[in-house]
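Reading through the structure tokens given below for one structure.
The values are calculated or read from the model by the stated rules, or taken from the named source; none is laboratory data. These numbers come from a predicted model, not from an experiment. Every residue, glycine as well, gets a Cβ built from its backbone with ideal geometry; the counts of neighbours run over all protein chains shown.
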Amino acid sequence: MKYKVGDKVKFLNEVGGGVIKKILSPTMVEIAMEDGFDIPMPTNEILPAQTDDIKASVFNRDFNVETVSEKEDKEEETFSRESKLQQLSSLQNKQKGIYLAYIPHDQVWLLKDDIDIYLINYTAYEILYSFVLSSQDGEYNNIDYGNVAPYSKVLIQTITRDEIEQWLHGYVQVLFMKENDTAVCMPMHQEFKVKILRFMKKESFSACNFLEEKSVLIHLGEPMKDMLQNTWKKDDTLLMAGMQPSVKKELSPVDTYQTAQKEAEVDLHIESLVEDHSQYSVSQILEIQKQKIVEIMENAILNHYKKVIFIHGVGNGTLKQELIKILQQYKNIHYFNASMQKYGCGATEVLIGNKCEKE
């Protein structure tokens, strides 16, 4: 439950209660007690209380808690779910776009403690968003909606480890807006599916150039600029001729590598993945390549691709070994050396079955 300054609460496991004086974080508040002390308290250890549940003296204390009518006249200082992204050139550079991030509270022991779920706007556009979860029985739950400033993130929810499975499948819808922009961007409607296995391995969590905290990061899409204008210009002629204009489909990450119907070819050489790789160490480069493999495999499965070829080169064989380790985590796929005539010994071909999933 979300609390705000001035809410009357009682303790879940103790006698007594008070008034929320300050929001310390999404999971921690400061409570003004009737004995004159202020104490921090986790939100999962308090409950809303009626006025009669707590002595009236608590609410008569002079600690500047505003009434509902006062809040309408004066902006109260409360915890904001939105915050600016960082700019960290020393970490892995990510492409612009909209991301979903699962950030553990404990950044040392990544596989325990609660998780913050953020929607990240790593673009120059302000966005309007809606966040919808899909349940196992096929129902949809509208969880959150709002706007996010450019290069900012918004906290969707804080969850416990036991709740993770309820937050792995859903949809994010986004409208992109920019003042005085001459181009119009296509709305984004993107499904996301995250495997529970990713939250059981430390290597699934990593930092990047706009997010210093380690997280499971999902790229949802990016602004598709000029598509509407180009379509409209052609549509005028088509409509005059009595023809129905075509609608262009937004490209997913794997679609950018498409070579044939439901087939893709991905070059894993670092110069093909980032503009300037001189700033990265050998271990950082390998991490970028591994993340690209996971991103393409997850996206290829989601979009029902049948074949993906990964070009890894020969080198010392490290990248190929890491590729095989990742592929071994998937069921119902087959992988083998790609065409010797076309790629030499530097590529691996992956055939994806109809019911492919991660172990």
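If a residue counts only when it is at pLDDT 80 or above and of a type in the set (Phe, Trp, Tyr), which strands (runs of 3 or more DSSP E) contained entirely in the range 1-118 have at least 2 such residues?
97-104
Quick grid of which residues meet (1) among the small types (Gly, Ala, Ser); (2) in contact with a strand residue (DSSP E or B) (Cβ under 9 Å, 6 or more places away or on another chain):
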residue	(1), (2)
GLU295	no, yes
ASN316	no, no
GLN321	no, no
ASN337	no, yes
GLY344	yes, no
Review point. List, please: which pairs have Cβ atoms under 8 Å, are six or more places apart or on different chains, and start with a residue in the range 191-209 that is farther than 18 Å from ASN121 by Cα and end with one that is buried (at least 19 other Cβ atoms within 10 Å of the Cβ) and of a type in the set (Asp, Glu)?
Key: LYS193/GLU298; LYS195/GLU298
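Let's see how each residue does on (1) of a type outside the set (A, V, I, L, M, F, W, C); (2) within 20 Å of GLU263 (Cα to Cα); (3) within 22 Å of the chain's Cα centre (by Cα); (4) not in a loop (DSSP other than H, G, I, E, B):
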{"residue": "SER283", "(1), (2), (3), (4)": "yes, no, no, yes"}
{"residue": "GLY315", "(1), (2), (3), (4)": "yes, no, no, no"}
{"residue": "LEU323", "(1), (2), (3), (4)": "no, yes, no, yes"}
{"residue": "ASN332", "(1), (2), (3), (4)": "yes, yes, no, yes"}
{"residue": "ILE352", "(1), (2), (3), (4)": "no, yes, no, yes"}
Check your understanding: Restricting the range 15-44 to residues that are farther than 23 Å from ASP114 by Cα and not small (Gly, Ala, Ser), which is nearest to the chain's Cα centre (by Cα)?
Key -> LYS21
**Study point:** Filter result for the condition that a residue is free of Cβ contacts under 8 Å to residues at least 24 places away in the same chain and touching a Lys or Arg at 6+ places or on another chain (Cβ under 8 Å), over ASP106, ASP137
**Key:** ASP106
Exercise for review: Quick one: count up the residues across the range 100-128 that are surrounded by 14 or more Cβ atoms within 10 Å (Cβ to Cβ) and closer than 26 Å to MET28 by Cα.
Suggested key: 16
Check your understanding: So which of GLY146, GLY138 is at positive phi and in a strand (DSSP E or B)?
Key -> GLY146
**Study point:** Cross-chain or 6+ apart pairs with Cβ under 6 Å, the range 290-305 first and in a helix (DSSP H, G or I), then among the hydroxyl-bearing types (Ser, Thr, Tyr)
**Key:** ASN299/SER252
Revision key, fill the gap. The correct count of residues that are farther than 28 Å from PRO187 by Cβ and under 14 Å from the mean Cα position of the chain (by Cα) in the range 97-114 is 1
Review point. Is it the case that some residue within the range 299-318 is loosely packed, with under 13 Cβ neighbours inside 10 Å and among the hydrophobic types (A, V, I, L, M, F, W, C)?
Key: yes
